[in-house]
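**Q** The structure is given below, and queries will be raised subsequently.
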Amino acid sequence: MREPPLDPRAARAEDATREVPEDPCPLRTAFQRDRDRILHTKAFRRLRHKTQVFISPEGDHYRTRLTHTLEVSAIGRTVARAMGMNEDLVEAIAMGHDLGHAPFGHAGEHALDDLLREEHGRRFLHNEQSVRVVEVLERDGRGLNLTREVRDGIRNHTGTGHPTTLEGQIVRLVDRIAYVNHDIDDAVRAGIIAPSDLPAEEITVLGATTSERITTLVTDIVRTSADADEILQSDEVGEAFRSLRAYMFAEVYLASPAADEAHRARYVVQALVRAYLADPSLLPPGEDGDVPTRVTDFVAGMTDRYAVRMHAEMFVPHEGPL
């Protein structure tokens, strides 16, 4: 399938490569096929029940890892279309970027990483686990055979790496734009902060509402990156955004009640890992790798509620007659 006209800097689907070569689809580009494969994974469906920031919140309107993913995709596609970048590639990377996230959001990720690093000399990073999901774990161990460009964008959407495509760079930046702004919305809804608590100078630059801030940030990216070889923010808008993000870490992510629940989540995740390491027969059959790898794959793939249920089954006395 032919792509619409693209900026000369954009990635081309006809140039995309896979580990295992495939015949082209008559209707979809390579990046569209990747997006569809991600959408049909079990890992993508589980994002619905994985925490974004607030663990097991009461109410139906708080973000989950799935709604975060959809918002990243929407913002990223807007940037890509305005810049003439490959919108299909942006969408595929966005849809897959958090597939490997542990239960309970970053609290679960840090719990896994700390235990594995201290006791087994290895790391848990959700971006690397997301790549493992699409390369190894899905399709009963066969993986999805995604293009190199999509896997690169997933791997480098966070951490020390740098995406090789401008489309990957778009996702890396709009991931932060999405979570900072929708987490403000959720924090206000939860009564943790009030709109008047947000730092005044930053709000003057970025906007008083979620819509205004996202419009400012997206417009700034498009204008600043128009003739550049990388995706950029202007000094003024970039500094205001980084300062607003720092405010969210200080007042929401690392503060009560999110921090209080994070301690409980950490206990659940690490207890499960230690239990499965002590008795690997409790793991599902058929997974490859050494025991710590199998345990990591299983626990990282859990939804919040499944992790809580398995913890209760293992550690909480059951009611009823013996």
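The values are calculated or read from the model by the stated rules, or taken from the named source; none is laboratory data. Everything numeric here is computed off the predicted structure, so don't read it as measured data. FYI the Cβ positions are ideal-geometry reconstructions off the backbone, even for glycines, and counts take in every protein chain you see.
**Q** In segment 16-35, which residue that is free of Cβ contacts under 8 Å to residues at least 24 places away in the same chain and surrounded by 10 or more Cβ atoms within 10 Å (Cβ to Cβ) is nearest to Val150 (Cα to Cα)? Please lay out each step first, then the result.
**A** First, pick out the residues of segment 16-35 that are free of Cβ contacts under 8 Å to residues at least 24 places away in the same chain: 21, 23-24, 33.
So of that shortlist, the ones also surrounded by 10 or more Cβ atoms within 10 Å (Cβ to Cβ) come out as 24, 33.
Working: Pro24: 16, Arg33: 11 Å.
Checking each candidate, the answer is Arg33.
**Q** Spot the failing condition for Gly84; the list is (1) among the small types (Gly, Ala, Ser); (2) free of Cβ contacts under 8 Å to residues at least 24 places away in the same chain; (3) surrounded by fewer than 19 Cβ atoms within 10 Å (Cβ to Cβ), and only one is missed.
**A** (2)
**Q** So Glu230 passes all but one of these: (1) part of a helix (DSSP H, G or I); (2) at pLDDT 95 or above; (3) charged (D, E, K, R); (4) more than 20 Å from the chain's Cα centre (by Cα). Which condition number does it fail?
**A** Of (1) part of a helix (DSSP H, G or I); (2) at pLDDT 95 or above; (3) charged (D, E, K, R); (4) more than 20 Å from the chain's Cα centre (by Cα), only one is false for Glu230: (1).
**Q** Give me the residue from segment 196-214 that is in contact with a helix residue (DSSP H, G or I) (Cβ under 8 Å, 6 or more places away or on another chain) and outside any helix (DSSP H, G or I) and, out of that set, surrounded by the most Cβ atoms within 10 Å (Cβ to Cβ).
**A** Taking the candidates together, the pick is Leu198.
**Q** Going by what's in this entry, would Ile184 be described as among the β-branched types (Val, Ile, Thr), surrounded by 14 or more Cβ atoms within 10 Å (Cβ to Cβ), over 17 Å from Ile75 (Cα atoms) and touching a residue at least 12 places away in the same chain (Cβ under 8 Å)? Break it down into steps so the answer makes sense when it comes.
**A** On the way: among the β-branched types (Val, Ile, Thr): yes; surrounded by 14 or more Cβ atoms within 10 Å (Cβ to Cβ): yes; over 17 Å from Ile75 (Cα atoms): no; touching a residue at least 12 places away in the same chain (Cβ under 8 Å): yes.
The answer is no for Ile184.
**Q** Look at Met314 and say whether it is buried (at least 16 other Cβ atoms within 10 Å of the Cβ) and either in contact with a helix residue (DSSP H, G or I) (Cβ under 7 Å, 6 or more places away or on another chain) or at pLDDT 95 or above (or both). Steps first, please.
**A** Numbers: buried (at least 16 other Cβ atoms within 10 Å of the Cβ): no; either in contact with a helix residue (DSSP H, G or I) (Cβ under 7 Å, 6 or more places away or on another chain) or at pLDDT 95 or above (or both): yes.
Spelling it out, it is not the case that Met314 is buried (at least 16 other Cβ atoms within 10 Å of the Cβ) and either in contact with a helix residue (DSSP H, G or I) (Cβ under 7 Å, 6 or more places away or on another chain) or at pLDDT 95 or above (or both).
**Q** Further, regarding this structure: For Gly161, only one of the following conditions fails: (1) assigned to a helix (DSSP H, G or I); (2) among the small types (Gly, Ala, Ser); (3) farther than 19 Å from Asn86 by Cβ. What is its number?
**A** With respect to (1) assigned to a helix (DSSP H, G or I); (2) among the small types (Gly, Ala, Ser); (3) farther than 19 Å from Asn86 by Cβ, Gly161 is out only on (1).
**Q** If I go through segment 100-114 residue by residue, how many of them are at positive phi and not in a helix (DSSP H, G or I)?
**A** Of the residues in that region, 1 qualify.
**Q** Can I ask one more? Of the residues in segment 264-304, how many are surrounded by fewer than 16 Cβ atoms within 10 Å (Cβ to Cβ), modelled with pLDDT of 95 or more and assigned to a loop (DSSP other than H, G, I, E, B)?
**A** 1
**Q** Of these, Leu66, Leu70, Leu99, Leu115, which one is surrounded by fewer than 24 Cβ atoms within 10 Å (Cβ to Cβ) and touching a Leu at 6+ places or on another chain (Cβ under 8 Å)? Spell out the reasoning first.
**A** Working: Leu70 fails: touching a Leu at 6+ places or on another chain (Cβ under 8 Å); Leu99 fails: surrounded by fewer than 24 Cβ atoms within 10 Å (Cβ to Cβ); Leu115 fails: touching a Leu at 6+ places or on another chain (Cβ under 8 Å).
One residue alone meets the criteria, Leu66.
**Q** Could you list, in sequence order, the residues of segment 132-169 that are β-branched (Val, Ile, Thr) and surrounded by fewer than 21 Cβ atoms within 10 Å (Cβ to Cβ)? If you could, list the steps in order and put the result at the bottom.
**A** So in segment 132-169, the residues β-branched (Val, Ile, Thr) come out as 133-134, 136, 147, 150, 154, 158, 160, 164-165.
Hits for segment 132-169 are Val136, Thr158, Thr160, Thr164.
**Q** Also: For the condition over 21 Å from Ala74 (Cα atoms) and within 23 Å of the chain's Cα centre (by Cα), what is the one hit in Arg176, Arg213, Arg172, Arg189?
**A** Values: Arg176 fails: over 21 Å from Ala74 (Cα atoms); Arg213 fails: over 21 Å from Ala74 (Cα atoms); Arg172 fails: over 21 Å from Ala74 (Cα atoms).
From the options Arg176, Arg213, Arg172, Arg189, the qualifying one is Arg189.
**Q** While we're looking at this one, here's another question. Taking Ile193, is it outside any helix (DSSP H, G or I) and in contact with a Leu (Cβ under 8 Å, 6 or more places away or on another chain)? Even if it seems obvious, please write down each step before you answer.
**A** On the way: outside any helix (DSSP H, G or I): yes; in contact with a Leu (Cβ under 8 Å, 6 or more places away or on another chain): no.
Taking the combined requirement at face value, the residue does not satisfy it.
**Q** Restricting to segment 115-138, name every residue that is more than 19 Å from the chain's Cα centre (by Cα) and touching a residue at least 24 places away in the same chain (Cβ under 8 Å).
**A** Taking segment 115-138 first, the residues more than 19 Å from the chain's Cα centre (by Cα) are 115-122.
Leu115, Leu116, His120, Arg122 - these are the residues of segment 115-138 that are more than 19 Å from the chain's Cα centre (by Cα) and touching a residue at least 24 places away in the same chain (Cβ under 8 Å).
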